[in-house]
Amino acid sequence: MRLSDDIEKVLISEEQLEQINEELAAQLSKDYADKNPIFVCVLKGAVLFLTDLVRKMDIPVEIEFMDVSSYGDGIKSSGDVKILKDLDVSVAGRDVVFIEDIVDTGLTLAALTELFKTRNAKSIKICTLLDKKENRQVNVKSDYIGTTVPNEFVVGYGLDYAEKYRNLPYIGVLKPEIYQN
Ligand code: PRP
């Protein structure tokens, strides 16, 4: 099968993603020039974004990973945020930037921000490629946003449906018949 056959339309092209990453990388490089920040990549969706983003930055950045899950294989948030893999380092006194593919209900980032406050991070910021504002359930404000997206089922460039479509090089809207079956 071809993944692209399941895509209704391309929402953000490869060229647009490249442009977004350039702008975010430039802003982050300026803001964190002398801070040696820890970029905490929230698995798995944000991996493609992280790797493209940091390659556009010419300042020291540490990379760490956390695996947090709130969705399972379905399309509705359960509101249940579980830590599946924690960091290997202490964030006490460090400047932390969460790297996310999408902020949707906001539950994941709200939980992570609270957790990192208790771990005494010096500062905590959020950098998300996509912001699905319409779906917010808790008040989470991202500091760096690639672009906002409508309340549609988006996949690709790290985002999945039932673990599929992450390797599409663009962000697309899934055909409804794929998740309605
Ligand atoms: C997605 C995404 C965020 C979270 C955002 O992850 O990567 O972590 O959901 O949703 P929220 O704002 O409603 O909490 P998911 O749990 O689907 O895991 P994945 O990245 O491994 O696909």
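The values are calculated or read from the model by the stated rules, or taken from the named source; none is laboratory data. As the structure is a computational prediction, the values presented were derived from the model and not from experiment. Cβ sites come from the backbone with ideal geometry, for glycine too, and all protein chains shown count toward neighbours. When the accessible area is computed, the model is the full protein with side chains, heavy atoms only, and any ligands, DNA or RNA have been set aside. Shrake-Rupley method; radii C 1.70, N 1.55, O 1.52, S 1.80 Å.
Of the residues that sit in region 114-147 and are at pLDDT 95 or above and β-branched (Val, Ile, Thr), which one is farthest from LYS30 (Cα to Cα)? So the residue we want is THR147. Restricting region 151-181 to residues that are over 17 Å from ARG2 (Cβ atoms) and free of Cβ contacts under 8 Å to residues at least 60 places away in the same chain leaves a set whose member that is least open to solvent (accessible area, probe 1.4 Å) is ASN151. Scanning region 92-107 for residues that are within 16 Å of the ligand (Cβ to nearest atom) and open to solvent by less than 30 Å² (accessible area, probe 1.4 Å) yields VAL96, VAL97, PHE98, ILE99, GLU100, ASP101, VAL103, ASP104, THR105, GLY106. Looking at this structure, is ILE12 in contact with a Ser or Thr (Cβ under 7 Å, 6 or more places away or on another chain) and touching a residue at least 40 places away in the same chain (Cβ under 8 Å)? Yes; evaluated as a whole, the condition is true for this residue.
For region 155-168, a residue qualifies if it is within 17 Å of THR128 (Cα to Cα) and more than 11 Å from the ligand (Cβ to nearest atom), and the qualifying residues are GLY156, TYR157. Going by the conditions given, is GLU23 assigned to a helix (DSSP H, G or I), surrounded by fewer than 17 Cβ atoms within 10 Å (Cβ to Cβ) and at pLDDT 95 or above? So GLU23 passes the test.
Of the residues making up region 35-55, those that are in a helix (DSSP H, G or I), within 14 Å of the ligand (Cβ to nearest atom) and open to solvent by less than 10 Å² (accessible area, probe 1.4 Å) are PHE49, LEU50.
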